[in-house]
1. Identify, by number, the condition in (1) over 19 Å from the mean Cα position of the chain (by Cα); (2) at pLDDT 95 or above; (3) not in a helix (DSSP H, G or I) that Asn18 doesn't meet.
2. Looking only at region 278-288, decide whether some residue is of a type in the set (Lys, Arg), outside any loop (DSSP other than H, G, I, E, B), in contact with a strand residue (DSSP E or B) (Cβ under 9 Å, 6 or more places away or on another chain) and closer than 20 Å to His53 by Cα.
3. Pairs please, first residue from region 116-130 and in contact (Cβ under 8 Å) with a residue 12 or more places away in the chain, second anywhere and in a loop (DSSP other than H, G, I, E, B) and open to solvent by 70 Å² or more (accessible area, probe 1.4 Å), Cβ atoms under 6 Å, 6+ apart in sequence or on different chains.
4. State the number of residues belonging to region 126-137 that are open to solvent by 20 Å² or more (accessible area, probe 1.4 Å) and assigned to a helix (DSSP H, G or I).
5. Read through the list (1) open to solvent by less than 50 Å² (accessible area, probe 1.4 Å); (2) not in a helix (DSSP H, G or I), then give the number of the only condition that Met187 fails.
6. Can you tell me which residue within region 278-321, out of those that are open to solvent by 60 Å² or more (accessible area, probe 1.4 Å) and under 19 Å from Ile342 (Cα atoms), is farthest from the chain's Cα centre (by Cα)?
7. For region 35-42, does any single residue satisfy the condition of being closer than 22 Å to Arg214 by Cα and of a type in the set (Asp, Glu)?
Amino acid sequence: MASETLLARITDYASRPNPYPLYAELREAGPVVRQADGGYLVGTYHEIAALLHDPRMSVDPRSRGEVTHKPPFLRLDDPEHHRLRTLAMRPFGPPHSPGRVDAMRGEIARITDELTESFEAGRQIDVVDDFAYPLPVTVICRLLGVPREDEPLFRAWSDALVAAADVRPEEDTTETDKAGDQARIEMGGYLVNLAEQRRGKPSDDMLSAFVNERDPALRLTQEELAETAILLLIAGHETTVNLITNGVLTLLRQPEHLDQLRRDPGLLPRAVEELLRYEPPVHIRERLPLADIDVAGTPIAQGTPVVLVLASGNRDPRRFDDPDRFDPTRPDNEHLGFGSGIHLCYGAPLARIEAQAALGALLPHLGTARLVQEPPPYRQNAMLRGPRHLPIRLRG
């Protein structure tokens, strides 16, 4: 019975500080574990990776009758997904805007310097509120062309939308879903209005690029613009906040690796990859098979919910040596921290730059810092897992 309620136990808030023993239990129970509600959990690396690349696995909530509006491209299947993702990528990355993300390096370094200016010995700071949240929010606002002073508005909308997207078995989600729908309408209206103000008056931001696209075949409809802008704004900061915060927490818990990185900051890119494996910002993804499938000998009928526990796959000993050990020099680190397949994280290049810059700026301050609360208070969300606050004391 225990394995039949694994998803409920994993998503129980009491498990948030350390879900990894439950992930080990999931892997031991088999590559595929049936749940009491009839759905399936998959927690092993190779099976998860195969399913992420399987075109029969749908992400579209309309395939299960959950929504009637057209979702953002993150929750669409090909060919709709490919068309919208390609259009969204034009002002963001290669081949049409190859320098966009790389050109942000100087700006990101300046923002990290500003945020750490007030970090003095003896002071207590909250890594989330004082650093890990404002950095990616400032960056994504700059990229999209959203006024930074409007951040309190979209923080509330973002919280509601992320809560509605969470995996919560055995819960009545009516009110959360209703709040998410309302937030989507309000946030979409705000972003479309902002974009419309730039029509015919192009500036160097992504909203402007979307509304001033000259080729009619490459233009987003108003609904597509709203959903794409919402996705980019939320995805552009939510996961990066977790990546940075989980990174700081991991390093403070493992001072030998903190010292290693302080002595050799050149290891930071590999350390960030290891953090994406060891303490990823996204733990769970849901899929729905569009046909009957077989996973590791388990038949799964069309339309049966399948939950992929990415963070469990990242700790699979059949794929990674000594997977419960954090190793910033780990070779062959093809983790699932950004997903895989056609839905590989759109913003991964930017997230990597932000995390490397963030940890690099914090390293000088962390050598003598100590955790004020262990474990820290976590966010409610099981899918996007990370501390809600991370208070630390900076010592001289």
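The values are calculated or read from the model by the stated rules, or taken from the named source; none is laboratory data. For clarity, every value in this text was computed on a predicted model and none was experimentally measured. Heads up, the Cβs are rebuilt from the backbone with ideal geometry, glycines too, and the neighbour counts pull from every protein chain shown. Each accessible area value is taken on the protein alone, full model and side chains, heavy atoms only, with ligands, DNA and RNA left out. Shrake-Rupley method; radii C 1.70, N 1.55, O 1.52, S 1.80 Å.
1. That leaves (1) as the condition not met.
2. Step one: filter region 278-288 for residues of a type in the set (Lys, Arg), giving 285, 287.
From what is left, the residues that are outside any loop (DSSP other than H, G, I, E, B) are 285, 287.
Then drop every residue that is not in contact with a strand residue (DSSP E or B) (Cβ under 9 Å, 6 or more places away or on another chain), which leaves 285, 287.
Adding the requirement that they be closer than 20 Å to His53 by Cα leaves 285, 287.
The answer is yes, given that some residue of region 278-288 is of a type in the set (Lys, Arg), outside any loop (DSSP other than H, G, I, E, B), in contact with a strand residue (DSSP E or B) (Cβ under 9 Å, 6 or more places away or on another chain) and closer than 20 Å to His53 by Cα.
3. Here the result reads Ala121/Gly396, each pair linking region 116-130 to a residue that is in a loop (DSSP other than H, G, I, E, B) and open to solvent by 70 Å² or more (accessible area, probe 1.4 Å).
4. Residues meeting the conditions: 2.
5. Unmet for Met187, out of (1) open to solvent by less than 50 Å² (accessible area, probe 1.4 Å); (2) not in a helix (DSSP H, G or I): (2).
6. Leu290
7. The first filter runs over region 35-42 and keeps only residues closer than 22 Å to Arg214 by Cα, leaving none.
For region 35-42, residues closer than 22 Å to Arg214 by Cα and of a type in the set (Asp, Glu): absent.
Every residue, every condition in (1) part of a loop (DSSP other than H, G, I, E, B); (2) farther than 30 Å from Thr176 by Cβ, yes or no:
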residue: Ala357; (1), (2): no, yes
residue: Pro376; (1), (2): yes, no
residue: Gln380; (1), (2): yes, no
residue: Ile392; (1), (2): no, yes
residue: Arg395; (1), (2): yes, yes
